[in-house]
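First comes the structure, then the notes that go with it.
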Amino acid sequence: MSDAYKFCPSCATALEYIAQLEDGGEKQRLRCVGCGWTHWNNPTPVLAAVIQYNDQILLARNAAWKGRMYALITGFMEAGETPQEGVAREIKEETNLEVRELNLIGVYDFQRMNQVIIAYHARAEGEVKLSPELVDYKLYDYEAVKCWPAGTGYALADWLRGRGVEPQFIELPRRD
């Protein structure tokens with residue numbers, strides 16, 4: 001359970017884990033004993049893009065990441081935009097590329113981060129200019145790209161399979 005909230009955002013009373021009967025049965029959640037506010041801790045939707053650029057796959061490295069991992073372009077939806085608008089905006093903001101075609105790959109569970117990933121394939125054009133959020137990018141031939149065993153890696157693998165390429169997976173170090 002998330003410990004992000006310590007106090008009620010409505011009345012500032014300390015939150016407690018309290019079990020209550022809900023539609024699916026009894027659930028223990030952070031709740032306010034003062035006003036009844038509940039922290040639902042629902043998953044956050046995240047947008048991801050398998051970017052097809054010059055008939056290769058573009059993967060980027062985030063400036064905040066330790067190590068040399070390259071991954072899909074991802075980001076959060078803004079209020080008032082559709083997932084398609086959001087992923088096109090993220091691609092433009094992070095790579096400067098213009099989306100010419102956009103197709104849904106699938107929706108993927110990423111419980112470790114309490115997220116649901118909505119993944120798209122994007123055919124993009126233009127000149128790559130990375131935002132300060134990214135420090136590097138690489139272009140991969142379809143047969144040479146390695147997938148990772150987590151949400152966006154599964155989206156990449158599904159897209160490759162749809163193109164007749166059997167994906168290869170890397171092993172991630174264990175998180176103990």
Report task. Among the strands (runs of 3 or more DSSP E) lying completely within the range 98-176, list those that include at least 2 residues that are at pLDDT 95 or above, assigned by TED's automatic domain parsing to the domain that holds ALA63 and under 13 Å from the mean Cα position of the chain (by Cα). Result -> 98-110, 115-125
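Looking only at residues in the range 25-52 that are in contact with a Ser or Thr (Cβ under 6 Å, 6 or more places away or on another chain) and assigned to a strand (DSSP E or B), which one is farthest from ILE73 (Cα to Cα)?
Of the range 25-52, the ones in contact with a Ser or Thr (Cβ under 6 Å, 6 or more places away or on another chain) are 29, 31-32, 34-35, 37, 41, 46, 48.
Narrowing further to those that are assigned to a strand (DSSP E or B): 29, 31-32, 46, 48.
Numbers: ARG29: 33, ARG31: 35, CYS32: 37, VAL46: 10, ALA48: 6 Å.
Per the criteria, the residue is CYS32.
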Query raised in the report: Which ones in the range 44-54 are within 19 Å of ARG100 (Cβ to Cβ) and either modelled with pLDDT under 95 or among the polar types (S, T, N, Q) (or both)?
Result: GLN52, ASN54
**Report entry** Number of the condition not met by GLN84 [criteria: (1) in a loop (DSSP other than H, G, I, E, B); (2) closer than 17 Å to VAL46 by Cα; (3) of a type in the set (S, T, N, Q)]
**Finding:** (1)
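Checking the condition assigned by TED's automatic domain parsing to the domain that holds GLY151 and over 23 Å from GLU171 (Cα atoms), which residue from GLY75, GLY36 passes? Explain how you work it out, then say what you get.
On the way: GLY36 fails: assigned by TED's automatic domain parsing to the domain that holds GLY151.
Answer to the check: GLY75.
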**Report entry** Residue match in the range 4-18 (condition: without any contact (Cβ under 8 Å) to a residue 40 or more places away in the chain, surrounded by fewer than 11 Cβ atoms within 10 Å (Cβ to Cβ), under 29 Å from TYR108 (Cβ atoms) and among the hydrophobic types (A, V, I, L, M, F, W, C))
**Finding:** yes
Query raised in the report: Which ones in the range 75-98 are crowded, with 20+ Cβ neighbours inside 10 Å and either at positive phi or in contact with a helix residue (DSSP H, G or I) (Cβ under 8 Å, 6 or more places away or on another chain) (or both)?
Result: LEU97
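Please state which one of ILE73, ILE18, ILE57 is over 20 Å from GLY153 (Cα atoms) and modelled with pLDDT of 95 or more. Before the answer, list the steps.
On the way: ILE73 fails: over 20 Å from GLY153 (Cα atoms); ILE57 fails: over 20 Å from GLY153 (Cα atoms).
Within the list ILE73, ILE18, ILE57, the selection yields ILE18.
Considering the range 36-94 alone, what residues qualify as being of a type in the set (Val, Ile, Thr) and either free of Cβ contacts under 8 Å to residues at least 24 places away in the same chain or over 23 Å from GLY126 (Cα atoms) (or both)? I'd like the intermediate steps shown before the answer.
Just the residues of the range 36-94 that are of a type in the set (Val, Ile, Thr), to begin with: 38, 44, 46, 50-51, 57, 73-74, 82, 87, 91.
Selection gives THR38, THR44, VAL46, THR82.
The values are calculated or read from the model by the stated rules, or taken from the named source; none is laboratory data. Predicted, not measured: the structure shown is a model, and the values here were computed from it. Neighbour counts are summed over all protein chains in view; Cβ atoms, including those assigned to glycine, are modelled from backbone coordinates with ideal geometry.
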